[in-house]
Amino acid sequence: MRCIFCGYEDSKVIDSRSADEGRTIRRRRECFSCGKRFTTYETIEDTPVLVIKTNGARQTFDAQKIKNGIIKSCEKRPVSMTVIDEIVNAVTKQVYNSMEQEVSSKYIGELVMEELKKYDEVAYVRYASVYRSFKDISSFLEELQNMMNSKK
């Protein structure tokens, strides 16, 4: 780290502390050249992920929207909020770990369905019926048939 007083490029860290509720690290440094002390802050770079909707519009990724959709599909089902939060966290983690700045809503929907299928098949079918916007009963039956075949 370059010294703000003399411009020397080497310093030692004297003290590190968490700041901003753990999102920032405050470091006290001492310059090897002039001996003066200065403070630096290290923060996590929070680059937003954009979701490309089916109509081509882009909007910022919002985990709360995923949670709301999952809650609706799990109504009157034995799926706890803890499980719903686990699903949301798993999907969010996969979206950010993809290292892409833009992801399609289709990709996110597939991730949600993959996670929902592990916990509750009825909630999965409910989510899929909205996500895939089944046009008629035959497309709905086709999805159920695929589920039955994958279980065998």
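The values are calculated or read from the model by the stated rules, or taken from the named source; none is laboratory data. Keep in mind that this is a model prediction, so the values were computed, not measured. Counting neighbours? That spans all protein chains shown, and the Cβs are built from the backbone with ideal geometry, glycine included. In case anyone asks, the SASA skips ligands and DNA or RNA and just uses the protein heavy atoms, side chains included. Shrake-Rupley method; radii C 1.70, N 1.55, O 1.52, S 1.80 Å.
Points to keep in mind about this one:
- Qualifying residue in segment 62-84 (condition: over 20 Å from the mean Cα position of the chain (by Cα) and among the acidic types (Asp, Glu)): yes
- Filtered residue count, segment 1-35, keeping only those that are of a type in the set (Asp, Glu) and in a strand (DSSP E or B): 2
- Only one entry in Thr43, Thr39 is over 30 Å from Ser104 (Cβ atoms), without any contact (Cβ under 8 Å) to a residue 24 or more places away in the chain and over 17 Å from the mean Cα position of the chain (by Cα), namely Thr39.
- Single residue of Val79, Val95, Val125, Val51 found to be in contact with a helix residue (DSSP H, G or I) (Cβ under 8 Å, 6 or more places away or on another chain), modelled with pLDDT of 95 or more and surrounded by 13 or more Cβ atoms within 10 Å (Cβ to Cβ): Val51
- The requirement of being within 12 Å of the chain's Cα centre (by Cα) and part of a helix (DSSP H, G or I) is fulfilled somewhere in segment 109-126, by at least one residue.
- Any hit, segment 20-27, residues being under 25 Å from the mean Cα position of the chain (by Cα), open to solvent by less than 70 Å² (accessible area, probe 1.4 Å) and not hydroxyl-bearing (Ser, Thr, Tyr): yes
- Within segment 7-19, restricting attention to residues that are among the charged types (D, E, K, R) and either closer than 11 Å to Thr39 by Cβ or touching an Asp or Glu at 6+ places or on another chain (Cβ under 8 Å) (or both), the residue that is most open to solvent (accessible area, probe 1.4 Å) is Arg17.
- Selected residue (only one of Glu86, Glu30 is within 21 Å of Tyr124 (Cα to Cα) and surrounded by 13 or more Cβ atoms within 10 Å (Cβ to Cβ)): Glu86
- Residue among Glu115, Glu102, Glu110, Glu143 that alone is free of Cβ contacts under 8 Å to residues at least 12 places away in the same chain and among the acidic types (Asp, Glu): Glu110
- Test: residue in segment 131-145 that is small (Gly, Ala, Ser), at pLDDT 90 or above, assigned to a helix (DSSP H, G or I) and more than 19 Å from the chain's Cα centre (by Cα): no
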